[in-house]
Amino acid sequence: MARVVLPEDSAEEISELIDVLISLLFESLPRRDQRNWARVYLNGLVRTSGKKTIRNIAGTGASSVEQSLQQFISKSPWDWTPVRRSLAQHLERTAQRPLAWVLQPMVIEKAGDRSVGVGRQFVPQLGRTANCQQASGIWLASSEASFPVEWTLTLPGPWTTELLRRRAGIPDTARSLTPAQDAVHAVQRMASTWQLQRRPVVMEVANSDLPQSIESFVLQDIPFVFKVDGSLPVSFGGAGRHKPGPHTAPARELIDSLRSQRRVVEWTRHGRAEGAVTLLTSASILATPCEERPLPAPATPLLLVGAWSEAALLPTEFWITNIGDRPLAQLFLLAKLTDRVSLDFTETCEAVGIRDFEGRSFRGWHHHATLASVAHAAKLLGARGPGPEPHPAAARPAATRAPAPLAARPPATRPGPPAALPARPYSPGQTARREYIR
C-alpha cells in the first residue's frame, strides 16, 4: 500500500520533529517501548495515506506491529493528561503566541452501536439526528495557526450504566453531560492545573447551557467570548438609582436598536486573501443567574456584541463576553478565531486522522486523540517553523466615511443600552468609524 504522502524532505523533517516531541512530551510514559510505539503511531498518522486505522498504520504483512499498536493504543494504561499538558506548555513556548482557547465541536458519524459514546442524538452542527459520537477539542489559537491540546468525549446516558461502562472501560468519574458542560469542565481543569497563561475562551453556547457556562467561568475568573443565538433573552438597563429597568428583549432586537452606533471594521478572512467588511455595535447587559444556584447572587455585568455583514439589513451574529477593556475590533477578532480553528481542523487535524479511531474503548479513543493532536502539531510546526508572533489584534482607525452625528462616539466608551428599545433609526450608508484588523 502507498504509505508516504509527503514530499521526502518534508517527511524527513517532520519525522525528526516527532523524535524531538517524543522526548519532550512523553516523559510521563514509564517504559521505553511505550515511547517507541508512540513514535511509530505518530509517524503513521503523518505518513499513511487513506484512513488512519491501526491496520493501515502497521502496514500489510506486519501482524506483530498491528498487535503491539493495538495494545499500546487501546489497552496500555498510560495517562494522556500529562502528554496533553506538556504539548500545550510546549506550544506556549515555541509556537505563535496563542490569543485564545477555542472550543471546536467534532461530530463522528458511525454505522454501528459499539464505539464508545455513540448514540442516536440531535446534533446542532448537522441540524439533524445522527448516530454518532460527539466530542470537543480545546485549541490554542492565534491568527496564524491553531493546535488542539485537550479533548472531551460526550457520553449519552446509556453509556454511564454499569454494563456499558465495564465494556468500554469508562472510569467511574465520567458523567453524562452536554457537550458544552463537558467542555466547560475541561477548560476549568486546564485553567487550574495546567500552568498555562489564561486566554479568553471562545465557544458557541446554546441558550440552555449559557447561565451555567457564564457562572462557571466567572467564579474562576476566566475571560470568555460566547457565541449565542439572536433569540437569547437578555436583561439590560436599570443599573442606576434613577434608571428604569431592568428590561428584557431578544439579543437580536436589542442590538438592532443600536444600529446608529455601529462601527465599520475591515478585516481579512482566515485562509483567504480577500478582505471583508463587518459592522459592529454592543450593549451592556446583565447575566441571567444559574437556576441551580442555591443562593441568589448579584447579576454579572457583561457585554453583548452584534455584527452585520456589509449587505445585511439585520444583525446576523451575536456574542456575550465578560471582557470589557478591549475595542470591539479586537473582540471580533477573538470571536473569529473559530474560523482559524475550522480551517486547521479541516486541512491538518482531519488529515492526521482525528476522526479515524475504530476501537471501542474510552481509553483508546483518548489515546488516539492525544497522538493525533501531537501529529497535528508536528505537521504545522514542521511546515511553518516555530517562532514568536507579533500581536495581530491591533486595529487602526482610518478615514471616516460619510460622518453622521448620530453615529459618532468616543472610541474609549461602550454604548450603553437604552432604557427601553427605541424605534429603529436607519441612515443608509451611515458609518461612524472604520477600523482595520490585520
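Calculate the length of the line joining the C-alpha centroid of the stretch 96-149 to that of the stretch 161-230, in whole Å.
The stretch 96-149 and the stretch 161-230 have Cα centres spaced 13 Å from each other.
I'd like the Karplus ³J(HN,Hα) series for the stretch 198-215: coefficients 6.51, -1.76, 1.60, θ = phi - 60°, whole numbers in Hz, and an x wherever there's a Gly or Pro.
6, 10, x, 9, 10, 7, 8, 10, 5, 3, 5, 8, 5, x, 5, 5, 4, 4
Packing-wise, with mean Cβ within 10 Å as the measure, how do 113-120, 126-133 rank, highest first?
Packing proxy ranking, top to bottom: 113-120, 126-133.
Keeping every protein chain in place, order LYS227, LYS379 by accessible area at 1.4 Å, biggest value first, i.e. largest first. Before the final figure, lay out the partial values.
On the way: LYS227 65, LYS379 45 Å².
Putting LYS227, LYS379 in descending order of accessible area: LYS227, LYS379.
If you average the sequence gap of Cα pairs under 8 Å that are 6 or more apart and divide by the length of the stretch 142-267, what percent do you get for the contact order? Walk me through the intermediate numbers first.
Working: 111 pairs, mean separation 19.2, N = 126.
So the answer I get is 15 percent.
Sequence neighbours fewer than 8 away in the same chain don't count; with that in mind, list the aspartates and glutamates whose C-alpha is under 17 Å from LYS110.
Cross-link targets: GLU350, ASP356, GLU358.
Using packing as a proxy for protection, rank 150-163, 326-339 so that the peptide with the highest average count of other Cβ atoms within 10 Å comes first. List each step's numbers first, then the result.
Working: 150-163: 17.3, 326-339: 21.6.
Ranking, from highest mean packing down: 326-339, 150-163.
Quick one: which of LYS336/LYS379; LYS75/LYS336; LYS227/LYS379 span more than 28 angstrom between C-alpha atoms?
On the way: LYS336/LYS379 23 Å; LYS75/LYS336 39 Å; LYS227/LYS379 30 Å.
Pairs exceeding the cut-off: LYS75/LYS336; LYS227/LYS379.
Based on the alpha carbons, how large is the Rg to Rh ratio for the stretch 186-242 when Rh follows Kirkwood?
1.07
How high is the relative contact order of the stretch 1-123, in percent, with contacts defined as C-alpha pairs under 8 Å that are six or more residues apart?
On the way: 64 pairs, mean separation 30.4, N = 123.
Contact order relative to length: 25 percent.
So between ARG93 and THR173, what do we pick up on full extension, going 0.36 nm a residue minus the alpha carbon distance? List each step's numbers first, then the result.
On the way: separation 80, 0.36 × 80 = 28.80 nm, distance 3.21 nm.
My answer for the length gained is 25.6 nm.
Counting only residues 5 or more places away or on other chains, whose amide H sits under 5 Å from the amide H of VAL225 once H atoms are built in the peptide plane?
Here VAL201, VAL202, MET203 satisfy the definition.
The values are calculated or read from the model by the stated rules, or taken from the named source; none is laboratory data. All values reported here derive from a predicted model rather than from experimental measurement. Because the Cβ atoms are built from the backbone with ideal geometry, glycine has one as well, and the counts that use them run over all protein chains shown. Each accessible area value is taken on the protein alone, full model and side chains, heavy atoms only, with ligands, DNA and RNA left out. Shrake-Rupley method; radii C 1.70, N 1.55, O 1.52, S 1.80 Å.
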